[in-house]
Amino acid sequence: MIVLDNVTIRQGTFALVGASLRVTTGQYGVLMGRTGSGKTSLLECIAGLRRPASGRVRLGGEDVTQFPPGARGIGYVPQEGALFREMTVYEHLAFAPHLRGWPAPVIDERVRELAESLRLTHLLRSKPHGLSGGESQRVALGRALSFRPRVLLLDEPLASLDEPTRDEMIDLLKRLSAREGSTVLHVTHSRTEAERLADVTFRLEDGAISEFKRESS
Amino acid sequence: MPPTSTHRPGPDWPFYLSFALLGGVYVVLIVAMLLADVMATTPDHLLHALSRPEIRYSIRLSLISCTITTILALWTAVPLGYLLARTRFPLRWLVEAILDVPLVVPPLVVGLSLLLLFQTSFGQFVQRGVPVTFAVPSVILAQYAVTTAFAVRTMRVTFEQISPRGEQVAMTLGCSRGGAFWRVTLPEARRGVLTAATLTWARALGEFGPILIFSGTTRMKTEVLPTTVYLELSVGRIEAAIAVSLLMVVVAAAILIVTRLVGLRGAEDAR
């Protein structure tokens, strides 16, 4: 579960005041809003990369407002993917499990399983340089999912992809998030993405969040 | 308006030609200087210079002091460059201004300032343990005082060019700030570190002003290669001065070529 409770973010002249939002466990939430509306700041706030001026952030029932990013159990895919330039795809997928001290065979199994479902098996030894846009985003997604986080935060993950690749990614996101059972908050300005992925949709407008549609399915 | 334009801009070649001529003068000057060095010396002069013990000592001291200086400069420049590129702290503007001092102040003044510093009671206290002024440590300290500013600049630009996102993602994956730096940012800054190291080394090799004042020009003691050139010139042994100059040119050129190759490879990888 992702809960934002009356969160205020200030950054220079920009302010987001008293934002609240709730995505229940296992749901796929989509947050829509225009460029510059504060979507990314809001995700950073949930990820612990930005401290809110006031308000609480709760993940899975736990108040994580004061937690450092690494203790929150979130998988974060930033807009540009931000792959580690000097690491192979394998090292990307093994990074978080390794930090958590998983035994090597378990890490290896997890990496291969993820690579299989993300169609990255043939690229495991490659470095980010030379990967296509779609491949890079799949690596970023795999890296975020690798340690089975309770929450997945996606910042415009499909923005830089061409249309066929985007369709593929949408299917993949749908399938993987359902299989991994993670609670997702996906930020986008695309209505198509929202319609195809969302269990619950929020709109961020003029510094306020409104929940405007709940899918019945 | 006519249906098809009749306007024809002039050709591009006069522009390129004039710019190439204006810029080319400098390139030609550098090449001419190097050729003059080469033509003024013979292999015999070089071998003879290399066989003299004081020049051998000076080569050895130059190599060792530049290497130690480079290590010390990086030790400072990596953290300082990172802090300047990534953090906002009080009086940051002042720190930045202070770091520009060694870049704009004449090297002689740096040497004089170091000399004065080690005459203070603090300096004399240090010197009771380790003799600095007019001894080998002063050579390293003089090189460090000037070249570190360049290393800091290089590292700062390097870190500014690396997106902080990677580090942030590493933190969400479970790293502390330090862990993210060591595992993600520093490996990506590898080429910048190498560039900073080579530039620092080459710069330290040519450093003379502060060494002249702070270390003196004692043969077999505080004599580095620029000192040798100065001493040989002052006693009129021009051919030895030229031979040593040429040696420094070759070493510096080698360093620059290595930097350029590393830099180019870095640019390709970044695409």
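Ranking B:V169, B:V229 from most to least accessible surface, computed with a 1.4 Å probe over the protein chains only, gives B:V229, B:V169.
How big is D for segment A:94-160, in µm² s⁻¹ as a whole number, if Stokes-Einstein is applied with the Kirkwood radius of its Cα pairs at 20 °C and 1.002 mPa s? Spell out each step's value before the answer.
On the way: Rh = 12.6 Å.
Stokes-Einstein gives a translational diffusion coefficient of 170 µm²/s.
Kirkwood Rh over alpha-carbon pairs of segment A:2-213, then Stokes-Einstein at 10 °C and 1.306 mPa s: what D in µm² s⁻¹, rounded to an integer? Walk me through the intermediate numbers first.
On the way: Rh = 17.4 Å.
My calculation gives 91 µm²/s for D.
Quick one: order B:L47, A:L49, A:L21 from most to least accessible surface, probe 1.4 Å. Write down the numbers at each step before the final one.
Values: B:L47 115, A:L49 45, A:L21 10 Å².
In descending accessible area the options line up as B:L47, A:L49, A:L21.
Which of the peptides B:25-37, A:54-66, B:9-21 is most tightly packed, and how do the rest follow, judged by the mean count of other Cβ atoms within 10 Å per residue? Don't jump to the answer; show the numbers that get you there.
Numbers: B:25-37: 10.7, A:54-66: 15.5, B:9-21: 9.0.
Ranked by mean Cβ neighbours within 10 Å, highest first: A:54-66, B:25-37, B:9-21.
Other residues with beta-carbon under 15 Å from the beta-carbon of A:L42 carry, at +1 per Lys or Arg and -1 per Asp or Glu, a net charge of +3.
Given segment A:2-213, what percent of its DSSP beta bridges are antiparallel, to the nearest 5? Could you put the intermediate results ahead of the total?
Numbers: 19 of 38 bridges.
Among the beta bridges of segment A:2-213, antiparallel pairing accounts for roughly 50 percent.
Remind me, what semi-axes does segment B:36-88 give for its equivalent ellipsoid, largest first in whole Å, using sqrt of 5 times each Cα gyration tensor eigenvalue? Please list the in-between numbers first.
On the way: eigenvalues 316, 46, 5 Å².
The three semi-axes for segment B:36-88 are 40, 15, 5 Å.
Averaged across A:92-99, how many Cβ atoms of other chains sit within 10 Å of each residue's Cβ atom?
Values: counts 2, 0, 0, 7, 6, 2, 3, 7.
Other-chain Cβ atoms within 10 Å of each residue's Cβ, averaged: 3.
Peptide A:67-74 is shielded by partner chain Cβ atoms: per residue, an average of 5 of them sit within 10 Å of its Cβ. When segment A:2-213 is described by a simple charge dipole with +1 on each Lys and Arg Cβ and -1 on each Asp and Glu Cβ, the residue from A:P157, A:V200, A:S146 located farthest towards its positive end is A:S146.
Please report, in whole Å³, the volume per residue of the convex hull around the C-alpha atoms of the protein assembly as shown.
Working: hull volume 126.9 nm³, N = 488.
Cα convex hull per residue, to the nearest whole number: 260 Å³.
Between segment B:89-125 and segment A:120-193, the C-alpha centres lie 52 angstrom from each other. Counting, for every residue in B:182-193, the Cβ atoms of other protein chains within 10 Å of its Cβ and taking the mean gives 2.
Secondary-structure-derived ellipticity at 222 nm for chain A, considering helices only, amounts to -10500 deg cm²/dmol, per-run term -39500 (n - 2.57) for DSSP H runs with n ≥ 4. Only protein heavy atoms count here; under a 1.4 Å probe, A:K127 has an accessible surface of about 90 Å². With the convex hull built on the Cα atoms of segment B:43-265, state its orientation-averaged projected area in nm². Directional mean of the projected Cα hull area for segment B:43-265 stands at 14.8 nm².
Here chain A exposes an accessible surface that is 48 percent carbon and sulfur, computed with a 1.4 Å probe and the other protein chains kept in place.
The values are calculated or read from the model by the stated rules, or taken from the named source; none is laboratory data. Bear in mind the structure is a predicted one, so any value in this text is a computation, not a measurement. Positions of Cβ are generated from backbone atoms using ideal geometry, with glycine treated the same way; all protein chains shown enter the neighbour counts. With ligands, DNA and RNA removed, areas are computed over all heavy atoms of the protein, side chains included. Shrake-Rupley method; radii C 1.70, N 1.55, O 1.52, S 1.80 Å.
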